[in-house]
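The values are calculated or read from the model by the stated rules, or taken from the named source; none is laboratory data. The model shown is predicted, which means the values in this text are computed figures rather than measured ones. Reconstructed Cβ throughout: ideal geometry from the backbone, glycine too, with neighbour counts over all protein chains shown. Keep in mind that these areas ignore ligands, DNA and RNA; they rest on the heavy atoms of the full protein, side chains included. Shrake-Rupley method; radii C 1.70, N 1.55, O 1.52, S 1.80 Å.
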Amino acid sequence: MKRRKMIRCCAAVLICMLVLCGCSSKHTVMNEEADSEDVTTITFFGNKYEPENVKVIEEIISGFMKENPDIRVSYESLKGTQYFEALEKRMETGKGDDVFMVNHDILLKLKAKGQAADLSGLRTIPDYTDQMLTQMKDEGKIYWVPTTVSAFGLYCNEDLLKKHKQKTPGNLKEWESVCSYFTKKGITPVICNNDISLKTLAVGRGFYSVYQQNNQKQVFENLNNGKEKLSRYLTPGFDLAQSLIQQGYIDPDKSLKTEKTSYDLEEFAKGKSPFMLTGAWAAGRVKTMNPDLKFSVSPLPLLENGSMLVVNADTRLSVNADSRHVKAAEMFVEYFTQAENIQKFSDQQCSFSPLKGGKPSSVEEIRPLLSCYKDGKTVIGTDSMLKLPIWNLTAEASKQILSGKPVRSVMNRMDRQAEKERKVQ
């Protein structure tokens, strides 16, 4: 009873601290029980730092510790690119955490160094959908497990569209038409950030036909061994991005200075722009910023005859293969990926569940994404079959496009960088 009271007390203090420190780029959370000689402490490092995200993680941690009183879990988070830089440094110096969040690109490095433990023995693995399992399995092993399926969409200001008698675009022609209307009214229609906005547009438009033809395995194999170049697939998407900029639909200078899911959300929440390109997981934060703003997150209108989605197996958890407490770390990851916890976490993240029978997020604003997701009109932004760090390569290409460099030179540079990556694998 004393231990339970201690956990509840720590949780209450944590919530108060998060409210006070919501603007900080770094949060540290530790759930502690009464001192015990037999308690094992494991550390959990992640890039989910917003108070509402950390609160859910803390709830899951508390639930795990109640079931496993001999294990204590501490969680620390860092924002954005700072997180992955810190993660890599910690692993390089032998000070890596027991459990950590990874993305596609950083995992390529950690796996090559033997620093990611095999999680294929977790009892929750069979609960994942077949699509997720094809992403997770790597020559018979599993080095990470997803807790959400995130989607990238087009935020639409329904109040502003209605005021100007414009409709939510359902294809590329309609989107360009609405953008043209607002540009003539002196309004830059599309809010972008300097990272995920343009690269998801390029990846989605570039690989959509590959996925629809179910030919991604062969295409990615050719890209991995250098038989084909990334530019063959990504040029059309970056051509579109450049066209949107040249027509005045995107402000390149402002976008270049705009951090993802930060300044862009604040700008959209003002209610003066019709569109924003970013992750659907930020819908809850936008709603909090301006509860009176009526908006929705729609599929990306990038096709001549319709819309599609870019999705990712996201908030991926890995275990440090060099950890002194691998078993305890695996127990925690197994608990985190139980259906109840996955549903709680993915719902808060405005994302889809990666598990069989998982329910979609209850957040009303992302409902328009469901039809595309269910119909398979999707592209995986960081497909595990692609062994190139596409997330970093396309992020850099996006910044160059925003800086005004020609698409051809940007694509040539990207292909050269991809070739360097192949040589170090």
Additional length obtainable on full extension of the chain from T41 to D70, 0.36 nm per residue less Cα span | 9.6 nm
Could you name the aspartates and glutamates in cross-link range of K423, using Cα to Cα under 17 Å and dropping any fewer than eight places away on the same chain?
-> D105, E221, E228, D415
Of Y335, P301, V311, which is farthest on the positive side of the dipole of segment 294-342, counting Cα position, with +1 on Lys and Arg Cβ, -1 on Asp and Glu Cβ, and the Cα centre as origin?
-> Y335
Could you please report the charge total around S353, scoring K, R as +1 and D, E as -1 over all other residues with beta-carbon less than 12 angstrom from its beta-carbon?
-> -1
In percent, how large is the relative contact order of the chain, given Cα pairs closer than 8 Å and 6 or more residues apart?
-> 24
Could you list the trypsin sites (Lys or Arg not before Pro) in segment 189-230 that lie in coil according to DSSP, counting only those with at most 11 other Cβ atoms within 10 Å of their Cβ?
-> K227
Going through K55/K257; K141/K374; K137/K173; K79/K109; K79/K344; K173/K229 one by one, the pairs whose alpha carbons sit over 32 Å apart turn out to be K137/K173
For the chain, what % of the accessible area comes from carbon and sulfur atoms, probe 1.4 Å?
-> 48
Have a look at K111, K257, K165 and tell me which one the Gaussian network model of the chain (Cα, springs below 10 Å) gives the largest fluctuation.
-> K165
tail above 13 Å in the computed P(r) of segment 68-131, as % of all Cα-Cα pairs, reads 72
Once the piece of chain linking M289 and Q213 is laid out straight, how much longer is it, given 0.36 nm per residue of separation minus the C-alpha distance between them?
-> 23.3 nm
Pop the C-beta distance of A112 and E228 into the FRET formula with R0 = 25 Å and round what comes out to the nearest 0.05.
-> 0.65
What percentage of all Cα-Cα pairs in segment 197-283 are separated by more than 23 Å?
-> 37
Please name which of I71, T288, T188 has its Cα lying farthest along the dipole of the chain towards the positive end, using unit charges on Cβ (Lys, Arg +1; Asp, Glu -1) and the Cα centre as origin.
-> T188
Accessible area per residue, Å², the chain with all protein chains present, probe 1.4 Å | 45
Modelled label reach - K420, point 7 Å along Cα→Cβ, segment 215-247 residues with backbone N closer than 15 Å | none
Return the inverse of the average 1/r over all pairs of distinct C-alpha atoms in the chain, which is the Kirkwood hydrodynamic radius, in Å to one decimal.
-> 22.4
For segment 356-425, diffusion coefficient by Stokes-Einstein and Kirkwood Rh (Cα), 37 °C, 0.692 mPa s, µm²/s = 217
At q = 0.11 Å⁻¹, work out log10 I(q)/I(0) for segment 256-379 with the Debye formula, treating every Cα as an identical point scatterer and leaving solvent out; two decimals please.
-> -0.49
Can you pick out the pairs among K199/K254; K272/K399; K48/K399 whose Cα atoms lie more than 20 Å from each other?
-> K272/K399; K48/K399
How much space per residue, in cubic angstrom, does the convex hull of the C-alpha atoms of segment 157-221 take up?
-> 107
